[in-house]
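To keep things clear, I will list the structure first and then write my remarks on it.
The values are calculated or read from the model by the stated rules, or taken from the named source; none is laboratory data. Predicted model, so just to flag it, every value in this text is computed and none were measured. Cβ: placed from backbone, ideal geometry, glycine included. Neighbour counts: every protein chain shown.
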Amino acid sequence: MSVLIFIDQSEGHIKKSSFEALSYGAKIAEQLGTTAEGIVLGKVGDDLRSLGKYGVKKIHHAGAEEFNTLDAQAYTKVIADVAGASGATVVVFSNNVNGKAIAPRLSARLKAGLVSGAVALPDTTNGFVVRKGVFSGKAFANINVKTPVKIIALNPNSFQVKTGEGDAEVVAVNATSGDIRVKVTATNKVTGQVPLSEAELVISGGRGLKGPENWGMIEELARLLGAATACSRAVADAHWRPHHEHVGQTGGSIAPNLYFAVGISGAIQHLAGVNRSKVIVVINKDPEAPFFKAADYGIVGDAFEVMPKIIDAVKKLKGA
Ligand SMILES: Cc1cc2nc3c(=O)[nH]c(=O)nc-3n(C[C@H](O)[C@H](O)[C@H](O)COP(=O)(O)OP(=O)(O)OC[C@H]3O[C@@H](n4cnc5c(N)ncnc54)[C@H](O)[C@@H]3O)c2cc1C
């Protein structure tokens with residue numbers, strides 16, 4: 001019996017969301033009186049032994065370079081094999097793009113109950129009950145998972161990263177993607193920008209900005225702060241911004257430390273993708289805009305007057 005945690009990497013570096021998943025999985029292992037182990041696929045530059053400080057005893061590393069490009073089918077096979085060999089009864093993912101691609105496949109392969117979007121530790125006092133957000137974060141459901149193997153995909157920013165002492169033992173896994181039926185032959189990546197799914201800070205614009213020609217101020221503030229840019233669906237649908245920037249129920253779901261929304265009304269479908277942000281700042285000229293109810297800080301004002309002042313203030317602060 002063990003808890004196996006999938007450790008996500010991008011270009012050889014462990015993603016921040018994995019530190020949360022590791023801390024979460026280690027805590028579950030403690031609850032169950034067992035050990036936590038991690039699994040990493042692909043060639044990595046980071047020191048895997050040091051992940052022991054998050055509470056894992058062992059890291060299984062399938063280091064073949066072909067795994068540096070995500071192929072959900074190939075990943076699923078390797079994770080299933082390692083989960084079987086290590087006797088994992090709980091497998092933990094981060095509920096991000098990669099987790100969403102792999103966890104359901106693993107669930108089908110292992111015939112394991114899956115709770116995606118978990119927001120708290122399981123209650124193991126009577127069964128294995130995992131809490132998750134439902135109805136776009138408006139309510140919670142407590143799911144009792146009864147299968148022998150349980151899979152949890154943890155929502156980012158739902159669990160505090162905990163660190164301690166100690167190194168993990170790194171064990172090489174001799175695996176290749178092998179014979180899979182559908183092969184990923186190319187991936188297109190947006191370069192030169194902070195990736196939205198990983199961003200700590202996000203500056204986002206809505207239809208209140210009137211047109212794509214006014215995105216300069218969103219981009220400038222993002223550049224000054226090292227933030228990613230995002231937008232509402234109305235903006236992407238109007239082709240003012242590319243669709244990969246659209247956040248919400250039908251777009252990306254993000255959980256940055258700061259979400260800065262400019263000229264966005266705050267429709268429930270938009271909030272569904274951003275309401276896990278730690279701090280939300282809203283600029284809207286309508287004091288009745290629904291977004292103000294979800295905001296930590298709100299500025300009632302015209303974006304075309306407020307944004308240049310904020311940009312100037314940030315420049316002064318940075319001495320730029
Ligand atoms: C099934 C379904 C799924 C959907 N999925 C999504 C989704 O994933 N993501 C999403 O975003 N939407 C989604 N929508 C659309 C959503 O309901 C809203 O229509 C959309 O979010 C509105 O975008 P907006 O706030 O940019 O535009 P608007 O609703 O037009 O709001 C513009 C806001 O800007 C303010 N404003 C105007 N001028 C200024 C100014 N000069 N300065 C400051 N503020 C100003 C206005 O007061 C207003 O609040 C979905 C809808 C449906 C039905």
Query - Condition met for Ser265 (closer than 25 Å to Ser116 by Cβ, modelled with pLDDT of 95 or more, within 14 Å of the ligand (Cβ to nearest atom) and polar (S, T, N, Q)) - result: no
Query raised in the report: With (1) in contact (Cβ under 8 Å) with a residue 24 or more places away in the chain; (2) within 16 Å of the ligand (Cβ to nearest atom); (3) more than 30 Å from Ala62 (Cα to Cα) as the list, and Leu196 as the residue in question, which single condition is left unmet?
Result: (3)
Query - Complete set of residues in segment 1-50 that are touching a helix residue (DSSP H, G or I) at 6+ places or on another chain (Cβ under 8 Å), of a type in the set (Asp, Glu) and closer than 18 Å to Leu106 by Cα - result: Asp8
Query raised in the report: Out of Ala272, Ala289, Ala303, which single residue is at pLDDT below 95, crowded, with 19+ Cβ neighbours inside 10 Å, within 9 Å of the ligand (Cβ to nearest atom) and at negative phi?
Result: Ala272
**Report entry** Of all residues in segment 5-43 being surrounded by fewer than 19 Cβ atoms within 10 Å (Cβ to Cβ) and either without any contact (Cβ under 8 Å) to a residue 60 or more places away in the chain or among the acidic types (Asp, Glu) (or both), the one that is farthest from Thr187 (Cα to Cα)
**Finding:** Gly33
Query raised in the report: How about segment 82-136: which of its residues are in a loop (DSSP other than H, G, I, E, B), surrounded by fewer than 16 Cβ atoms within 10 Å (Cβ to Cβ) and free of Cβ contacts under 8 Å to residues at least 40 places away in the same chain?
Result: Lys111, Thr125, Asn126, Gly127, Phe135
Query raised in the report: When only residues in segment 255-269 that are surrounded by fewer than 24 Cβ atoms within 10 Å (Cβ to Cβ) and of a type in the set (A, V, I, L, M) count, which is nearest to Asn157 (Cα to Cα)?
Result: Ala255
Query raised in the report: If we keep just the residues of segment 253-262 that are more than 7 Å from the ligand (Cβ to nearest atom) and not small (Gly, Ala, Ser), which is farthest from Leu221 (Cα to Cα)?
Result: Ile254
**Report entry** Residue count, segment 214-236 (criterion: away from the ligand (no atom under 15 Å from the Cβ), in contact with a Ser or Thr (Cβ under 9 Å, 6 or more places away or on another chain) and within 13 Å of Leu196 (Cβ to Cβ))
**Finding:** 2
**Report entry** Residue match in segment 214-224 (condition: in contact with a strand residue (DSSP E or B) (Cβ under 7 Å, 6 or more places away or on another chain), at pLDDT 95 or above, buried (at least 20 other Cβ atoms within 10 Å of the Cβ) and of a type in the set (Gly, Ala, Ser))
**Finding:** yes
Requested in this report: Please specify each residue of segment 44-70 satisfying the condition of being in a loop (DSSP other than H, G, I, E, B), buried (at least 21 other Cβ atoms within 10 Å of the Cβ) and not β-branched (Val, Ile, Thr).
Outcome: Gly55
Query - Residues of segment 145-183 classified as over 30 Å from Asn126 (Cα atoms) and under 17 Å from the mean Cα position of the chain (by Cα), total - result: 0
Requested in this report: Kindly indicate whether Ala139 is of a type in the set (A, V, I, L, M) and modelled with pLDDT of 95 or more.
Outcome: no
Query raised in the report: Counting only residues that are touching a residue at least 12 places away in the same chain (Cβ under 8 Å) and assigned to a helix (DSSP H, G or I), which one in segment 306-320 is farthest from the ligand (Cβ to nearest atom)?
Result: Lys318
